[in-house]
Every structure is written in structure tokens, then in C-alpha cells.
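Chemist: Please find one structure pasted underneath; my questions will follow.
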Amino acid sequence: LPVQSAITQPRPGAAVPAGELTVKGYAWSGGGREVVRVDVSLDGGRSWRVARLTGERPVPGRAWAWRLWELQVPVA
């Protein structure tokens with residue numbers, strides 16, 4: 001399966017202050033394949049940023065669980 005992902009922070013429609021914002025979420029794949037990268041677009045797909053994977057790295061061949069990720073972004 002292709003990697004699936006969801007944003008958990010900030011919540012949809014949330015007002016965020018100007019400055020630095022941490023966007024957080026989780027990603028998962030199928031077939032025991034490890035999530036090795038999460039790309040995030042903040043402009044509808046025109047450009048992409050690589051998020052940092054957090055938490056423990058899964059055991060090879062046992063990567064059916066989700067991985068947490070986060071990305072620091074500037075907010076105007």
C-alpha cells in the first residue's frame with residue numbers, strides 16, 4: 001500500500017499565531033513495510049518539505065504500525 005498519513009496538530013480550522021509552528025501527525029504503510037519518509041505540503045502541492053520521523057524505529061519486517069512525524073514551519 002502507498003503510505004497514508006494524517007495531520008493531528010494543529011487541528012483543522014485552528015487559529016495559529018505568527019512565528020514558528022510545529023505540525024505533527026502519523027503515517028503508516030502496509031505489508032510490513034517501514035515508513036522511511038513523510039513529505040508535507042503547506043501550499044496545496046506546489047512545494048514539499050520533509051518531516052522528521054519521531055519515536056522508535058520499528059524492527060525490520062515488523063513495521064506494520066504507524067510512525068509519528070513532525071515538521072517545524074514558519075507562519076506569517
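The values are calculated or read from the model by the stated rules, or taken from the named source; none is laboratory data. Just so we're clear, the structure is a prediction, and the values are computed from it rather than from any experiment. All Cβ positions, even for glycine, are placed from backbone atoms using ideal geometry, and neighbour counts span all protein chains on display. When the accessible area is computed, the model is the full protein with side chains, heavy atoms only, and any ligands, DNA or RNA have been set aside. Shrake-Rupley method; radii C 1.70, N 1.55, O 1.52, S 1.80 Å.
Chemist: Please enumerate the residues belonging to region 7-27 that are surrounded by 10 or more Cβ atoms within 10 Å (Cβ to Cβ) and either of a type in the set (A, V, I, L, M) or touching a strand residue (DSSP E or B) at 6+ places or on another chain (Cβ under 6 Å) (or both).
Modeler: Within region 7-27, I7, T8, Q9, V16, L21, T22, V23, K24, G25, Y26, A27 meet the criteria.
Chemist: Right, next: Which of the residues spanning region 1-30 are among the charged types (D, E, K, R) and assigned to a strand (DSSP E or B)?
Modeler: E20, K24
Chemist: Kindly indicate the residue of region 53-74 that is touching an Asp or Glu at 6+ places or on another chain (Cβ under 7 Å) and open to solvent by less than 60 Å² (accessible area, probe 1.4 Å) and also modelled with the lowest pLDDT among those meeting that condition.
Modeler: Applying the filter and picking the extreme gives A63.
Chemist: Still on this structure: Which is assigned to a loop (DSSP other than H, G, I, E, B), at pLDDT 85 or above, open to solvent by 90 Å² or more (accessible area, probe 1.4 Å) and within 19 Å of P2 (Cα to Cα), of R37, R33, R46?
Modeler: Answer to the check: R37.
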